[in-house]
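All remarks here apply to the structure that follows.
The values are calculated or read from the model by the stated rules, or taken from the named source; none is laboratory data. Small disclaimer: the values here were computed from a predicted structure and weren't measured. Note that each Cβ is placed from the backbone with ideal geometry, even for glycine, and that neighbours are counted across all protein chains shown.
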Amino acid sequence: MSFLDSHVREIGSRAEAPSPIQNLSPRLDRPNRKGFGAELMKRNRFLRGCLVVILFFAALFLACWFWVDIPFASHDLGREWARAEKNGFPLTADALKPPVPVRPEDNAAPLLGRAVALVDSRFAWQLQTLEQPVKAHGPTPAQRDGAIAKAGPALDLLAKAVEKPRLWVQRDYDLLIELQFPEYKVYKGLVHALCVRAEAKALKGDLPGAISDLRVGRRLSVLISTEPTLIGQLVAIALDKLVDLRVERIGALLIANAPELALLRKQVVEADPLETDLRIALRAEMYRSLTITRNGHRYGMGFNRRTDAQDEQPVIDKSAPIVRTGQPTAILARADLARAMAGWNDLLESPEWRSGSALPISRVQQRIAERLYEQGAHKLSYLAIGELLPEFTYAGSTLVQADEQRVTLDCLLKALEYHALHGSYPRTLAQAGADAPDPFLEAGRLTYMATPSSVKVWSVGRNGKDDGGDPTDGKDVVAMYPPRRE
């Protein structure tokens, strides 16, 4: 065999031998191959065991974090209940009743009920739209006068009712969360009708008749403010503001008549002060948190807990019995109430509560609620805090703003009186005898601005910022001439 033949044969044998890559290809193309993680777990049983142990302890930790504090919180309820008894926390619905019982002959509730019965909800809404422009589908002057005449009998009953010194409406406060208060809508419609009628009388020169109508609306707001609920006080403020805005407009009609301006100020603005008390409203909220947890079987376990479905309405089992006394029995309800009651007790023991001032009370209550939110960020016993101990900063500042609306209006009328007497507006409020502090500013005073044809008095309002006398969106609390539309 020649050298060439042997060399060719060697090259052919090398060509027939499988290459390393070909040897690997069956492994790469094997069916049912497993990923790297699965292969690693199969080959390393120790690592797999460690991962299982880690997951087990993580699940155990989460279970303990969420559930172990429930028995402790439930046990704390006894201590918080004793604190509540000492602090005057309302533990029964009777605790919401006025300390001095309302005698039947002094109670405005029956007459108000008869007035409400004369006005259905549709007509009440029509009364609230009496001043919409005709082009915006509002009533014509004839339709407006007809609506006011139709409301006449109800307005007469309203005038008789407000002569009564007190108001107590029989309500089941153990079902506070289920109460609807439909009469408040009717009250707003009737007060709006009174205000429109008062301005019509003032235009005709009948100032005493206008003042009489305005005072009926003012006294109704005073009566409603004595109801032991937060919504009652907020409705009273809304009614009072309707009257204040109408006084501002009637004052503009009397711009050249100082004696009539003084009469309007003394008999409407300075008379029948609205004495709201945030503590009365918050006591009702305290009892609301108690009755929710007492009657968890009526509202369902998930009702008073935070969920993503904020617009969901609670499903109420109205056939379930109502529990009116004692502590909740379910361990989760007891834990919920213990956390909320701790916050309420802290508020009741604060110096701000004893002071009775709405703004400091609402601010300290906000701090307590925020502290509890932070403490219970990942604990199941705190998840109901948002429902059982909500923040009331807005409500407190709203009550203060209602007082300020009256003060700014009083200052405005004094400035208008000064203009009627001297032919120009005062340079300062003090010159008109109308200087007053601004409760939303430390050591601050009300702001006053006058031009030859306009005047404005304002407080900075709840945001604590001077927005230049801008009354929109509740920025500043303003009284002005020329007056604004409602």
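Annotations for the structure displayed:
- Qualifying residue in region 377-384 (condition: under 16 Å from the mean Cα position of the chain (by Cα) and either assigned to a helix (DSSP H, G or I) or on the phi < 0 side of the Ramachandran plot (or both)): no
A quick yes/no check of all residues on (1) at pLDDT below 90; (2) crowded, with 24+ Cβ neighbours inside 10 Å; (3) not acidic (Asp, Glu):
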{"residue": "SER221", "(1), (2), (3)": "no, yes, yes"}
{"residue": "LEU253", "(1), (2), (3)": "no, no, yes"}
{"residue": "ASN257", "(1), (2), (3)": "no, no, yes"}
{"residue": "ASP272", "(1), (2), (3)": "yes, no, no"}
{"residue": "ARG294", "(1), (2), (3)": "no, no, yes"}
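- Residue list for region 136-174, restricted to those being hydrophobic (A, V, I, L, M, F, W, C) and either closer than 14 Å to PHE123 by Cα or modelled with pLDDT under 90 (or both): ALA136, ALA142, ALA147, ILE148, ALA149, ALA151, ALA154, LEU155
- Residue check, LEU207 at pLDDT 95 or above and crowded, with 19+ Cβ neighbours inside 10 Å: yes
- When TRP168 is tested against (1) in contact with a strand residue (DSSP E or B) (Cβ under 8 Å, 6 or more places away or on another chain); (2) under 28 Å from VAL455 (Cβ atoms); (3) surrounded by fewer than 20 Cβ atoms within 10 Å (Cβ to Cβ); (4) not basic (Lys, Arg), just one condition goes unmet, and that condition is (2).
- For region 476-485, the criterion of being among the small types (Gly, Ala, Ser) and either in a loop (DSSP other than H, G, I, E, B) or in contact with a Gly (Cβ under 7 Å, 6 or more places away or on another chain) (or both) is met by none of the residues.
- No other residue among LEU421, LEU412 is modelled with pLDDT of 90 or more, surrounded by 17 or more Cβ atoms within 10 Å (Cβ to Cβ) and assigned to a helix (DSSP H, G or I) apart from LEU412.
- The set of residues in region 139-171 being in contact (Cβ under 8 Å) with a residue 40 or more places away in the chain and among the β-branched types (Val, Ile, Thr) consists of ILE148, VAL162, VAL169.
- If you go through region 434-453 and keep only what is among the charged types (D, E, K, R) and either farther than 20 Å from LEU399 by Cα or modelled with pLDDT of 80 or more (or both), you end up with ASP435, ARG445.
- Residue identified as surrounded by fewer than 12 Cβ atoms within 10 Å (Cβ to Cβ) and either more than 28 Å from the chain's Cα centre (by Cα) or outside the structural domain of PRO228 (by TED's automatic domain parsing) (or both) among PRO101, PRO71, PRO90: PRO101
- LEU380 meets the stated requirement of being within 23 Å of ARG288 (Cα to Cα), at pLDDT below 90, in contact with a helix residue (DSSP H, G or I) (Cβ under 6 Å, 6 or more places away or on another chain) and not basic (Lys, Arg).
- Residues within region 229-251 that are surrounded by fewer than 24 Cβ atoms within 10 Å (Cβ to Cβ) and within 18 Å of the chain's Cα centre (by Cα), tallied: 9
- Counted residues, region 454-481 - those being surrounded by fewer than 20 Cβ atoms within 10 Å (Cβ to Cβ) and modelled with pLDDT of 90 or more: 2
- The test for being part of a helix (DSSP H, G or I) and closer than 19 Å to VAL222 by Cα holds for LEU112.
- All positions within region 324-375 that are more than 17 Å from SER74 (Cβ to Cβ), touching a helix residue (DSSP H, G or I) at 6+ places or on another chain (Cβ under 8 Å), in contact (Cβ under 8 Å) with a residue 60 or more places away in the chain and not in a helix (DSSP H, G or I): ARG324, GLU349, GLY356
- Tally of residues being outside any loop (DSSP other than H, G, I, E, B), under 18 Å from ARG246 (Cα atoms) and touching a residue at least 12 places away in the same chain (Cβ under 8 Å) across region 458-473: 1
- Residue in region 409-428 that is over 29 Å from GLY468 (Cα atoms) and of a type in the set (Val, Ile, Thr) present: no
- Within region 95-122, residues that are of a type in the set (Val, Ile, Thr) sit with their Cβ atoms under 8 Å from residues that are in a loop (DSSP other than H, G, I, E, B), at 6+ positions apart or across chains, in these pairs: VAL102/LEU167; VAL102/TRP168; VAL119/ALA151.
- Counted residues, region 168-187 - those being assigned to a loop (DSSP other than H, G, I, E, B) and either under 17 Å from the mean Cα position of the chain (by Cα) or among the hydrophobic types (A, V, I, L, M, F, W, C) (or both): 5
- Sole exception among (1) modelled with pLDDT under 90; (2) out of contact with any Leu (no Cβ under 8 Å at 6 or more places or on another chain) for ARG305, by number: (2)
- Options TYR382, TYR425; residue that is in contact with a His (Cβ under 8 Å, 6 or more places away or on another chain) and either touching a residue at least 12 places away in the same chain (Cβ under 8 Å) or among the basic types (Lys, Arg) (or both): TYR425
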